[in-house]
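Visitor: Sharing a structure with you now.
The values are calculated or read from the model by the stated rules, or taken from the named source; none is laboratory data. Predicted model, so just to flag it, every value in this text is computed and none were measured. Glycine also receives a Cβ, built like all others from the backbone with ideal geometry; neighbour counts cover every protein chain displayed. Calculation scope for accessible area: heavy atoms of the full protein, side chains included, ligands and nucleic acids excluded. Shrake-Rupley method; radii C 1.70, N 1.55, O 1.52, S 1.80 Å.
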Amino acid sequence: MKVLYAASEALPFIASGGLADVAGSLPQALRKRLIGARVVMPLYDTISQELKDSMTFITHISVPVAWRRQYCGIFEARAGGVIYYLLDNQYYFKRDRIYGHYDDAERFAFFSRAILEMIPHIGFKPDIIHCNDWQTAMTPVYYSTMYADQPGWENIKTVFTIHNIQYQGVYGMELIGDVLGLQPGTSHLVEYNGCVNLMKGAIETANVVTTVSPSYANEILDPWFSHGLDNILEQRRFKLSGILNGIDVVNYNPETDKNIFANYSAADPSNKAVNKAELQKLFNLPQKPDTPVVGLVSRLVSHKGLDLIKAVMDELLATTDIQVIVLGSGDWQYEQFFKEMAGRYPQQFGLRLGFVPDLARKIYAGSDLFLMPSKSEPCGLSQMVALRYGSIPIVRETGGLKDTITDSGDNKGNGFTFARYNAHDMLNTIRRAVEGYQNKEGWAILVKRAMECNNSWNRSANEYIRLYKNVLKD
Ligand code: GLC
């Protein structure tokens, strides 16, 4: 079976969020199970020169963008044994950041079309094209309306995965003619509520739709979570399912990780204390071994639960012997709030604004607790990485957080959880965790249990293979 995995970001080339982790690790896991998986992504200018130097040019083609045609260079690279195709067009991808441009719809309509156009030129005809999020949502739309019957493109099935339903690719209707270039009579596929909605188009046309945890697959049928798409998903419920993400357990391994201060394992976690002391030093906090350190590594946006944190952080710091370390960037109001906290509590609050993967690992390794009170969380990878590094997650029971973390109140779970989206419920849960931390023996058992949780791709890669096989049977 041959799978072409299409994503707008993938490690090791470029990352802005969890999608890049998934696109960088699931295809490897598929390949280990003898599935011919390859990845296709844009060749962004901001990819490092070293990685660019490792690519080889295959050929160039011209790709229709509505009534125009655009150059598309096809490059190939290898990472972790997987072949990556990187699609080049400097007009679209020579930008300082990967998203957030006035013409994103056109950039990714081009990319979605180029994925199909390149197929006859790469010597790899996929059985499945697995698309991800709105940036590749037009691929199933184009495939079903323009390519399915054409020689060279027959019998391909499309899978569409929703990593976050909040980002749907919603634009004005004027896009239909000059940017999307849809066939007459097919524009209804992408129309929704008087707008163009690219994700809706993929939900309509892909053979199957998945999302990244079973709980989130249920949640998005509810208007509280669906950002307006519950009706469409309800109609297409027969083809919707949730498969939990895994993490790359070789890459995220405290026993071998070169980015942390000292290596350790579940069998001998003693060096975790070294990581904690060094982390405290790095953030100019007093090196107190018995004060619990809570880490927060997150995009600073509302669905990550930052309003809860804003509401009670002051109270928490003022009344508890605790240190909090935050790494992330995002909305101004949260950045501003955290700056204020760092100013007011220099002995307890450490802050670094930015997306710094190496530092994130030092926080996983050096913290005792990891806070993730998301309002919604399709899957979440950080809580799984935190477990692996023995930092005990405090999470709200939603989406993938609910599917990976269970409360340790019964001496079986691997974290601390709360159900309602309520700031004092979160605060009480943090207090419960701090109390648990005081019991040294019990805590050591909990840390070991957390580190031994297995969130590798083993189970989920097999679930994807089952899904691919089923869709090929239809
Ligand atoms: C998105 C989601 C996150 C998920 C990731 C990978 O970033 O917000 O929950 O883990 O995609 O699927």
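Visitor: Looking at this structure, is G400 in contact with a Cys (Cβ under 8 Å, 6 or more places away or on another chain) and of a type in the set (G, A, S)?
Guide: On the way: in contact with a Cys (Cβ under 8 Å, 6 or more places away or on another chain): yes; of a type in the set (G, A, S): yes.
Criteria met by G400.
Visitor: How about the stretch 386-408: which of its residues are open to solvent by less than 10 Å² (accessible area, probe 1.4 Å) and within 12 Å of the ligand (Cβ to nearest atom)?
Guide: Of the stretch 386-408, the ones open to solvent by less than 10 Å² (accessible area, probe 1.4 Å) are 386-387, 389-395, 398-401, 405.
Across the stretch 386-408, the qualifying residues are V395, T398, G399, G400, L401.
Visitor: Next question. Tell me, yes or no, whether the stretch 192-212 has at least one residue that is crowded, with 23+ Cβ neighbours inside 10 Å, away from the ligand (no atom under 16 Å from the Cβ), in a loop (DSSP other than H, G, I, E, B) and at pLDDT 95 or above.
Guide: yes
Visitor: Would you tally the residues in the stretch 274-307 being farther than 20 Å from I392 by Cα, open to solvent by 30 Å² or more (accessible area, probe 1.4 Å) and not in a loop (DSSP other than H, G, I, E, B)?
Guide: Going through the stretch 274-307 one residue at a time, the tally reaches 4.
Visitor: With modelled with pLDDT under 95 and out of contact with any helix residue (DSSP H, G or I) (no Cβ under 7 Å at 6 or more places or on another chain) as the only criterion, which of D149, D178, D103, D96 stands out? Write out each step before concluding.
Guide: Details: D149 fails: modelled with pLDDT under 95; D103 fails: modelled with pLDDT under 95; D96 fails: modelled with pLDDT under 95.
Only one candidate qualifies: D178.
Visitor: State whether the residues of the stretch 136-153 include one that is of a type in the set (S, T, N, Q), assigned to a strand (DSSP E or B) and within 16 Å of the ligand (Cβ to nearest atom). Full working, then the answer.
Guide: Here is the first cut: in the stretch 136-153, the residues of a type in the set (S, T, N, Q) are 136, 139, 144-145, 150.
When the remaining residues are screened for being assigned to a strand (DSSP E or B), the result is none.
No, the conditions are met nowhere in the stretch 136-153.
Visitor: Further, regarding this structure: Out of the residues in the stretch 154-168 that are touching a strand residue (DSSP E or B) at 6+ places or on another chain (Cβ under 7 Å) and in a loop (DSSP other than H, G, I, E, B), which is nearest to the ligand (Cβ to nearest atom)?
Guide: In the first step, residues of the stretch 154-168 are kept if they are touching a strand residue (DSSP E or B) at 6+ places or on another chain (Cβ under 7 Å); the result is 156-163, 168.
Then drop every residue that is not in a loop (DSSP other than H, G, I, E, B), which leaves 156, 163, 168.
Working: I156: 23, H163: 3, Q168: 13 Å.
Only one residue fits best here, namely H163.
Visitor: Please give the strands (runs of 3 or more DSSP E) falling wholly within the stretch 308-427 in which 3 or more residues are more than 24 Å from L244 (Cα to Cα) and touching a helix residue (DSSP H, G or I) at 6+ places or on another chain (Cβ under 7 Å). Before you say what the answer is, go through the steps one by one.
Guide: Numbers: elements: 323-328, 349-353, 369-372, 392-396, 416-418.
Result: 323-328, 349-353.
Visitor: Continuing with the same structure: Quickly run through the stretch 67-97 and pick out the residues that are surrounded by 17 or more Cβ atoms within 10 Å (Cβ to Cβ) and closer than 12 Å to F110 by Cβ.
Guide: Of everything in the stretch 67-97, those that are surrounded by 17 or more Cβ atoms within 10 Å (Cβ to Cβ) and closer than 12 Å to F110 by Cβ turn out to be C72, L87, D88, N89, Y92, F93.
Visitor: Among the residues of the stretch 363-385, is any more than 12 Å from the ligand (Cβ to nearest atom), surrounded by 23 or more Cβ atoms within 10 Å (Cβ to Cβ) and farther than 19 Å from V324 by Cβ?
Guide: No, because not a single residue in the stretch 363-385 is more than 12 Å from the ligand (Cβ to nearest atom), surrounded by 23 or more Cβ atoms within 10 Å (Cβ to Cβ) and farther than 19 Å from V324 by Cβ.
Visitor: I'd like the full set of residues that are away from the ligand (no atom under 16 Å from the Cβ), closer than 23 Å to Y167 by Cβ and in a strand (DSSP E or B), limited to the stretch 1-58.
Guide: Once the filter is applied, which keeps residues that are away from the ligand (no atom under 16 Å from the Cβ), closer than 23 Å to Y167 by Cβ and in a strand (DSSP E or B), the stretch 1-58 yields L4, V40, P42.
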